Every structure is written in C-alpha cells, then in structure tokens.
Amino acid sequence: MTGREYPWKRRPGWWLRNRRYLGFQLREAGGVVCALYGLVLLNMLIQLREGESAYTAFLDLLRTPPVLYLNLVLFALVVWHALTWFMLIGKAQPIQFTRQPLPWKVVFGVNVLLWLGVSGAVVYLIFGGI
Amino acid sequence: MLLEPVFWSLFSLGGFITAFLFPVTLFVLFFAAPLHLWPTDPAAYTTFLGHWKGPLVRLFFFVLIGGSLFHGTHRLKFMLVDAGFKGPAAEAFLDLILNGVAIFGSLGALFYAVRGWLF
C-alpha cells in the first residue's frame, strides 16, 4: 500500500507572515550576498594585478555615495547572516560536553566571543593592525 | 547526485568562513576609511599591496572567496527551488551554473593568490 502524495504548496510571500520567517529569509539572502561579495573581492584582486590606476578606480567606485549606501545595506545582511549562523550552531548541532546539551544561548555567546577574537586577529594578522 | 555531499560540506564550511571572517574584512576594506572610522586607509593601493605580499594574506583571501562562493551559490540554488524553479532539468541547470561559478571563482582566487608568489 502506498501513501497518498499531497502536492507541496507554499503561498507567495509566506516569509512576510511573521518575524521568524522574515529573519530566516533575510539570513538566506545574506548568504547569497556573501557570494556577491566573494565576486567583488575576486575582482579586487584582479584590479590589484592590473595596477594602481585600475585598482584605485575600482575602489573609488565602491566609495561613491550610492554604492556605499547600497554596500551598507548589504553589509547589514552579512552581519545578520553571521549572527544567525552562530544562533544555529547550538540548535542544529547540540554540543554536549556535559550530561545535558549546552543551551543554544550559551553556544551563541561563546561563538560571538570567538568571533570578536577572530576579528581582532584578522585586523592584526591580515591588515597590519590599526 | 554523487557530488551532493561534497557541495553540502563546502556549503557548511563556507558558512563558518563567511560568518567568522566576512564582517571584519568587509568593514576594514570598504567602510572603515570612507566613514572615517579608521586612522589609515587599509584598502589603499600601496597599503594593500604591501600586505598582499604575505602568503598568509593570500591564503586568507583564497579561503574567503572560495568559502563565500560555495556557501552563497548553494543558498541561492535552494532559494530559487523554493521560488518555483523545480524539477530535475531545472535543478541540473542550476547545479551547472551555480556550482560552475563557485568552482571557477575559487580557481580564479587560487590563481591570483599564487601568482606573483609561486610563479
């Protein structure tokens, strides 16, 4: 006997129905924005290879007000993606060092502290410090 | 699909890479100097070129670009599937295009990371 298969339906705009769905969809969008920034960084390396005038023109374009404001919005999505990723770690993969799994908020807090440490290390090791 | 676990693993790895490394990198390169939040301009040509000579910096950008591409293209695929781009042919098309972007983009980043250093 085989079960009856119901068609899978999801209404358009389902992610606007409540804040949780909206937060989920914004994280998905943030992940896609990360790939766009990956291509931007790749182009930055290409322009670096081309020479000073090409690189500076690319950087100046990124710093014109409309592009800068758009970048700020996209950057907010990247940060949201990072924060919600840290929230997910404790939920999707409960970490068990103790008899009971650690609450997700503890895992989130540890990851945020780790994130701050890693960010400081990147500033000093990759960009030569302040 | 035989390679599906590989792309899911790269998606997950890319998620960690982008979450931990992307915000600080984008802030330092694209916002710190124009918004006057940094005493110097870390993205200026001479400054960045000076840092770019270090192997660790080259490895960092290769990992960052590769991780973000594998993560983001995988997410985009499932957003498009959710939006109605379904069916074996449509998904095969998405796999071809999006995985192609991730693979060739990562190879491009690897090329620029080793060029001028190893050859």
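The values are calculated or read from the model by the stated rules, or taken from the named source; none is laboratory data. The structure displayed is predicted, hence computed values, not measured ones. FYI the Cβ positions are ideal-geometry reconstructions off the backbone, even for glycines, and counts take in every protein chain you see.
Restricting attention to region A:1-35, the residues that are under 12 Å from the mean Cα position of the chain (by Cα) and of a type in the set (D, E, K, R) total 2.
Might you check whether a residue that is within 11 Å of chain B (Cβ to nearest Cβ), under 16 Å from the mean Cα position of the chain (by Cα) and crowded, with 16+ Cβ neighbours inside 10 Å occurs anywhere in region A:58-72? Checking region A:58-72: at least one residue is within 11 Å of chain B (Cβ to nearest Cβ), under 16 Å from the mean Cα position of the chain (by Cα) and crowded, with 16+ Cβ neighbours inside 10 Å. The residues of region B:54-65 that are more than 8 Å from chain A (Cβ to nearest Cβ) and either among the β-branched types (Val, Ile, Thr) or free of Cβ contacts under 8 Å to residues at least 24 places away in the same chain (or both), listed by number, are B:54, B:63. In this structure, is residue B:68 under 20 Å from the mean Cα position of the chain (by Cα), more than 7 Å from chain A (Cβ to nearest Cβ) and either polar (S, T, N, Q) or under 30 Å from residue A:9 (Cα atoms) (or both)? In short, no.
What do you reckon, is residue A:78 surrounded by fewer than 18 Cβ atoms within 10 Å (Cβ to Cβ), of a type in the set (A, V, I, L, M) and in a helix (DSSP H, G or I)? Before you say what the answer is, go through the steps one by one.
Details: surrounded by fewer than 18 Cβ atoms within 10 Å (Cβ to Cβ): no; of a type in the set (A, V, I, L, M): yes; in a helix (DSSP H, G or I): yes.
No.
Output the residue which, of all residues in region A:88-105 that are out of contact with any helix residue (DSSP H, G or I) (no Cβ under 7 Å at 6 or more places or on another chain) and assigned to a helix (DSSP H, G or I), is farthest from residue A:28 (Cα to Cα). By that ranking, first place goes to A:105.
Does residue A:75 count as in contact with a helix residue (DSSP H, G or I) (Cβ under 8 Å, 6 or more places away or on another chain), at pLDDT below 95 and not aliphatic (A, V, I, L, M)? Walk me through how you get there before you give the answer.
On the way: in contact with a helix residue (DSSP H, G or I) (Cβ under 8 Å, 6 or more places away or on another chain): yes; at pLDDT below 95: no; not aliphatic (A, V, I, L, M): yes.
Answer is no for this residue.
What is the number of the single condition among (1) surrounded by fewer than 18 Cβ atoms within 10 Å (Cβ to Cβ); (2) within 22 Å of residue B:73 (Cα to Cα); (3) of a type outside the set (A, V, I, L, M, F, W, C) that residue A:37 does not meet? Condition (1) is where residue A:37 drops out. If you go through region A:1-43 and keep only what is aromatic (Phe, Trp, Tyr) and at pLDDT below 80, you end up with A:6, A:8. Scanning region B:103-119 for residues that are more than 8 Å from chain A (Cβ to nearest Cβ) and either of a type in the set (Phe, Trp, Tyr) or not in a helix (DSSP H, G or I) (or both) returns B:104, B:111, B:117, B:118, B:119.
I need the helices (runs of 4 or more DSSP H) fully contained in region B:16-102, keeping only those with at least 1 residues that are in contact with a Cys (Cβ under 8 Å, 6 or more places away or on another chain) and either surrounded by 20 or more Cβ atoms within 10 Å (Cβ to Cβ) or at pLDDT below 95 (or both).
Details: elements: B:45-52, B:55-82, B:88-94.
The qualifying helices (runs of 4 or more DSSP H) are B:55-82.
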